[in-house]
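First comes the structure, then the notes that go with it.
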Amino acid sequence: MTIKERIDQLRTDLHRHNYNYYVLNTPEISDKEFDDMMRELQDLEKEHPEYQDENSPTMRVGSDLNKNFTQVTHKYPMLSLGNTYSENEVTDFYDRVKKALNEDFEICCELKYDGTSISLTYENGKLVRAVTRGDGEKGDDVTDNVKTIRTIPLVLHGNNYPEHFEIRGEILMPWEVFEELNREKEAREEPLFANPRNAASGTLKLQNSAIVASRKLDAYLYYLLGEELPCDGHYENLQTAAGWGFKISEHTKKTHSLEEVFEYIRYWDTERKNLPVATDGIVLKVNSMRQQKSLGFTAKSPRWAIAYKFQAERALTRLNRVTYQVGRTGAITPVANLDPVQLSGTIVKRASLHNADIIEGLDLHIGDMVYVEKGGEIIPKITGVDKDARGMLIGEKVKFITHCPECGSKLVRYEGEAAHYCPNETACPPQIKGKIEHFISRKAMNIDGLGPETVDTFYRLGLIKDTADLYQLTAEDIKNLDRMGEKSAENIIKGIKASKEVPFERVLFALGIRFVGETVAKKIAKSFNNIEELENADLEKLTSIDEIGEKIAQSILIYFSSPLNVNLIERLKSAGLQLYRKEEDLNEYTDKLAGQSIVISGVFTHHSRDEYKDLIEKNGGKNVGSISTKTSFILAGENMGPSKLEKAHKLGIKIISEDEFLTLIS
Ligand code: IVH
């Protein structure tokens, strides 16, 4: 057997085993055998790049190359469906169709999957493109990410598929995967995904397809489009597509009467709780494509289909107590602690109560039986109280706390804001930890090896009380801590030491002065030689700087009016941080792009997008998101989106390549 033949055989076998495992749930070989074959193929492909194939099973592993998404115009616009919430409206839809068609018709009933929609294009049996819905007209090309989804075939089975077609469906994150992902995020103190839909669409837009591959997304396809489809029936087309290797819901059903439609709706209203993925309704579609055509579309949606949305689920449970969480900014969130109750596939023990006004509005008492709803969000909320259930023994009325549960400071409420705040910015533990986490983050001091969990441990053990304490740590201090060891300890200390080289502008950003983000920090670094000059600047001096208004200036003044902050800066200075601008830093600044608004678009080879943004700002220009008549020029890499290109031509805006740009600022 030649190498090429072996590669082809491995590819064919791996595609088949992938389908058996992920779509049919009936693997024929062990995971180990599968992995061994995949590894053999990967090795062969590496040794023989001449046999590279965009649809090889190895493409499912993803790559950690960063890229920006190109916008693609949909061949057929991706419309949405009209929504209904009541059985009466379903009857109206049915009657409308009946009247308009004036002949027998079938309705295909389907589950409405609650994920993110995708359009897949296949040519000659191969997946060539996967595009998100976007605005319905244009979407993002997310092909590389979609290729990592195991239930989407890269190469079709058999040979009776049209040469060219699109198939649309929903990309989903199964409940189990979603909950696991959020557990991991919670452990790392990262913000959680609100629901599987957001998790799926967020994952699909990740730059790194290797991470996408690890997120175990799934996909159901529900709409076949093209000029030469196999059947007139939508249902029949989907069944045929199942034979080509697509995952088609087995819960799709053809019905012949309104009664059957209602039977389907009522059955799935409760049964959907046992599904592995989120659904938010039922979709009804006229089955015959000929009849679909005759019914046509309104401006926004087809007349031949409608979505029936399920009522938000609600559960009744007991309120045991109310606790209060302090966020990084000091904002206080009241949390209802409940008797555990099953709701939309998860067990709910806590729900947000938002703020004091909501608690007052509900007239909440401890021991109350309360209604919990999920709405569109995974963080449930209390929507009502069953006052009849109170009986004689009414519990204590819930009163919003007056002092911070973490540090005891008296809470404040700013005018016009619903939230209460703990004003003790400098000594309240969650606020301090939040500041340190910001300080070490990638765009600030970028300290390798340190994350929120380690910060928490160091803080709890009293090893650090603020950012300056980091620079006093030694490997000795930390090497015996849980899950640490000598090597990690040394790495952390190395990372901290290396951060002393971080330039002035990023140190300024790392300080976490309110409203001083990355861009403002750069402006400040350009205008002041060192931190002392900034410390001594007055309102007039500050507001004279481009893009610094009164709000930012006031915030800087408030920051330096605190002796604690001034002392912290002294200690950071003695630790050796760059609290001054180096001569060479200044060399990076020019006015070559002064007054210019520049749009960045496409994929670049010499620098990342972030680096180009930085270069623009350092040369006095402004990086803006969208093209308008005010745009000076577009810095374009490869694959600039067609819509941007069209707009640029229309407005007569110059397009400059990466190399031209670098020459311009050199
Ligand atoms: S059909 C022209 N079928 O719901 C009709 N959509 O508002 C094309 N969805 O954007 C859509 N399950 O993301 C269809 N079985 C299903 C669906 C479904 C979920 C989503 C889809 C679409 C939205 C419609």
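Brief remarks follow.
- Verdict on Met369 being surrounded by fewer than 19 Cβ atoms within 10 Å (Cβ to Cβ) and over 19 Å from Ala315 (Cβ atoms): no
- Glu396, sole failed condition from (1) charged (D, E, K, R); (2) free of Cβ contacts under 8 Å to residues at least 60 places away in the same chain; (3) surrounded by 19 or more Cβ atoms within 10 Å (Cβ to Cβ): (3)
- Region 302-317, subset surrounded by fewer than 16 Cβ atoms within 10 Å (Cβ to Cβ) and under 30 Å from Leu393 (Cα atoms), residue farthest from the chain's Cα centre (by Cα): Leu316
- Scope region 240-262; condition outside any helix (DSSP H, G or I), more than 13 Å from the ligand (Cβ to nearest atom) and of a type in the set (Ser, Thr, Tyr); matching residues: Thr255, Ser257
- Residue check, Ile656 touching a strand residue (DSSP E or B) at 6+ places or on another chain (Cβ under 8 Å), surrounded by fewer than 18 Cβ atoms within 10 Å (Cβ to Cβ), in contact (Cβ under 8 Å) with a residue 12 or more places away in the chain and of a type in the set (Val, Ile, Thr): yes
- Looking only at region 280-289, and only at residues there that are out of contact with any helix residue (DSSP H, G or I) (no Cβ under 8 Å at 6 or more places or on another chain) and not acidic (Asp, Glu), the one that is farthest from the ligand (Cβ to nearest atom): Gly281
- Qualifying residue in region 240-253 (condition: at pLDDT below 95, of a type in the set (A, V, I, L, M, F, W, C) and touching a helix residue (DSSP H, G or I) at 6+ places or on another chain (Cβ under 6 Å)): no
Matching residues to (1) within 16 Å of the ligand (Cβ to nearest atom); (2) of a type in the set (D, E, K, R):
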residue	(1), (2)
Val72	no, no
Lys75	yes, yes
Gly82	yes, no
Glu87	no, yes
Leu120	yes, no
Asn124	no, no
Asp140	yes, yes
Arg150	no, yes
Gly158	no, no
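- Residue in region 302-318 that is at pLDDT 85 or above, aromatic (Phe, Trp, Tyr) and part of a loop (DSSP other than H, G, I, E, B) present: yes
- Number of the condition not met by His354 [criteria: (1) surrounded by 17 or more Cβ atoms within 10 Å (Cβ to Cβ); (2) away from the ligand (no atom under 16 Å from the Cβ); (3) part of a loop (DSSP other than H, G, I, E, B)]: (1)
- Flag if Lys500 is basic (Lys, Arg), surrounded by fewer than 15 Cβ atoms within 10 Å (Cβ to Cβ) and more than 30 Å from Thr402 (Cα to Cα): yes
- For region 622-651, the tally of residues that are at pLDDT below 90, of a type in the set (Gly, Ala, Ser) and assigned to a loop (DSSP other than H, G, I, E, B) stands at 5.
- Apart from one condition, Ala200 fits all of (1) closer than 21 Å to Val23 by Cα; (2) small (Gly, Ala, Ser); (3) surrounded by fewer than 22 Cβ atoms within 10 Å (Cβ to Cβ); the exception is (3).
For every residue, the table says whether it meets (1) touching a residue at least 40 places away in the same chain (Cβ under 8 Å); (2) surrounded by fewer than 19 Cβ atoms within 10 Å (Cβ to Cβ); (3) over 30 Å from Asn529 (Cα atoms).
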{"position": "Thr605", "(1), (2), (3)": "yes, yes, yes"}
{"position": "Tyr612", "(1), (2), (3)": "yes, no, no"}
{"position": "Lys618", "(1), (2), (3)": "yes, no, no"}
{"position": "Ser626", "(1), (2), (3)": "no, yes, yes"}
{"position": "Leu635", "(1), (2), (3)": "no, no, yes"}
{"position": "Asn639", "(1), (2), (3)": "yes, yes, yes"}
{"position": "Leu645", "(1), (2), (3)": "no, yes, yes"}
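- Residue match in region 290-301 (condition: more than 12 Å from the ligand (Cβ to nearest atom) and buried (at least 17 other Cβ atoms within 10 Å of the Cβ)): yes
- Hey, Ile265 surrounded by 15 or more Cβ atoms within 10 Å (Cβ to Cβ), on the phi < 0 side of the Ramachandran plot, in a helix (DSSP H, G or I) and away from the ligand (no atom under 16 Å from the Cβ) or not: no
- Residues in region 1-18 that are assigned to a helix (DSSP H, G or I) and either at pLDDT below 90 or farther than 25 Å from Tyr122 by Cβ (or both): 4 in all.
- Scanning region 268-279 for residues that are of a type in the set (Ser, Thr, Tyr) and within 16 Å of the ligand (Cβ to nearest atom) gives a single hit, Thr279.
- Failed item in (1) of a type outside the set (S, T, N, Q); (2) assigned to a helix (DSSP H, G or I); (3) at pLDDT 90 or above; (4) within 28 Å of the chain's Cα centre (by Cα), with Asp610 passing the rest: (3)
- Any hit, region 99-115, residues being in a helix (DSSP H, G or I), more than 14 Å from the ligand (Cβ to nearest atom) and of a type in the set (Gly, Ala, Ser): yes
- Any hit, region 160-182, residues being within 16 Å of the ligand (Cβ to nearest atom), more than 29 Å from Ala312 (Cα to Cα) and small (Gly, Ala, Ser): no
- Annotation: Tyr85 fulfils all but one of (1) more than 21 Å from Lys300 (Cβ to Cβ); (2) modelled with pLDDT under 95; the unmet one is (1).
The values are calculated or read from the model by the stated rules, or taken from the named source; none is laboratory data. If you're wondering where the values come from, they're calculated on a predicted model, not measured in any experiment. Quick reminder, even Gly has a Cβ in these numbers, built from the backbone with ideal geometry, and neighbours come from all protein chains shown.
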